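The values are calculated or read from the model by the stated rules, or taken from the named source; none is laboratory data. All of these numbers come straight from a predicted model, not from anything done at the bench. Ideal geometry is used to build each Cβ from the backbone, glycine not excepted, and the neighbour counts take in all protein chains shown. Just the protein is used for accessible areas: all its heavy atoms, side chains included, with ligands, DNA and RNA removed. Shrake-Rupley method; radii C 1.70, N 1.55, O 1.52, S 1.80 Å.
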Amino acid sequence: MPRWASRLGGAVFLWLAGALAALGGAWTLPQGGADLWGQTSIAAAGSAFGPGYALQSGTSYHKVEQNVLLEYGVSDGLTAILGTQFLAVTVTGAAPAQYAGPGYSDFGARLKLGQGADWVVSVQAVGRAPGAGGSSSRAAVGYTDWETDLRLLAGRAFPLWGLAAFMDLQVAQRDRYGPPPSELRFDATLGVEVMPGWLMLLQSFNVISEGAGEGPDFDLSYEYFKLQAGALVNVDAHLTVEVAAFTTYLARNFPQENGIVLAARYRF
């Protein structure tokens, strides 16, 4: 294996701190290896993209998500996934509402289908149990129904301008059971090791609803496209921290959301 690829080998197992919704990258953990992630996402929206992709006034809200994710290497090609979430949402304006309590709990696994010296392909299946299922608060809309997420993942390490880099691509079918429509998702990440222990990340998260759901909150189809940029730093052999910022740069029938992500990973 080329030296640049081996240097990046440790990083590719932990690259996606800023996107726990995607639940990890294409690489699986080694047998007996474990990663524990904690992530705080703080977001706000004061406007929305209309049916013609133009910005207009919309519901204002603030949202904080605290996620904890544990990944465990059952074998070299199979990684178990277990996650939980605490959610706090405040909706302001003419119809204010609040919710603070459990969000989604995730359980599933990632299976490696094939791997070479600098590439990997895997498949992942995750079930999502709604902790907010008993809430009638308008602020909990979208977090109250079961979901399943089945995705195909591919990653490759390569040199970029003399630096170690990697690309991770994911396509997913997110089935949502209840009023929200199911979704097609595509996530992409470019990571570049700019210096030893410092990984710069540029990520794209893209969601297209499969038609409309059930009213009144999901009676329109929607789509949204987010960009996120951040830095991931190895503090020592076990601890890694990340800071990132994201924005919804284009959408249809969806809020214009901006926020920051703070994350830490501990490797056992």
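Restricting to region 170-184, count the residues that are out of contact with any Leu (no Cβ under 7 Å at 6 or more places or on another chain) and open to solvent by 40 Å² or more (accessible area, probe 1.4 Å).
So in region 170-184, the residues out of contact with any Leu (no Cβ under 7 Å at 6 or more places or on another chain) come out as 174-184.
Now drop any that are not open to solvent by 40 Å² or more (accessible area, probe 1.4 Å), which leaves 175, 177, 179, 184.
The qualifying residues number 4.
For F107, only one of the following conditions fails: (1) buried (at least 16 other Cβ atoms within 10 Å of the Cβ); (2) in contact with a Gly (Cβ under 6 Å, 6 or more places away or on another chain); (3) assigned to a strand (DSSP E or B). What is its number?
(1)
Tell me, which residue of region 248-268 that is hydroxyl-bearing (S, T, Y) and in contact with a Lys or Arg (Cβ under 9 Å, 6 or more places away or on another chain) is most open to solvent (accessible area, probe 1.4 Å)?
So, considering only residues that are hydroxyl-bearing (S, T, Y) and in contact with a Lys or Arg (Cβ under 9 Å, 6 or more places away or on another chain), the one most open to solvent (accessible area, probe 1.4 Å) is Y249.
Scan G93, G83, G46 and give me the residue that is open to solvent by less than 70 Å² (accessible area, probe 1.4 Å), modelled with pLDDT of 95 or more and not polar (S, T, N, Q).
G83
Just need a number here: residues in region 53-96 that are among the charged types (D, E, K, R) and assigned to a loop (DSSP other than H, G, I, E, B).
Narrowing region 53-96 to residues among the charged types (D, E, K, R): 63, 65, 71, 76.
Imposing the further condition that a residue be assigned to a loop (DSSP other than H, G, I, E, B) reduces the set to 76.
So the answer is 1.
Take the residues in region 131-156 that are touching a Gly at 6+ places or on another chain (Cβ under 8 Å) and part of a strand (DSSP E or B); name whichever of them is modelled with the lowest pLDDT.
My answer is G155.
Which pairs do you get when a residue that is more than 27 Å from N67 (Cβ to Cβ), found in region 112-135, comes within reach of a residue that is assigned to a loop (DSSP other than H, G, I, E, B) and among the aliphatic types (A, V, I, L, M), reach meaning Cβ atoms under 6 angstrom, with the pair 6+ apart or on two chains?
The qualifying pairs are A117/M1.
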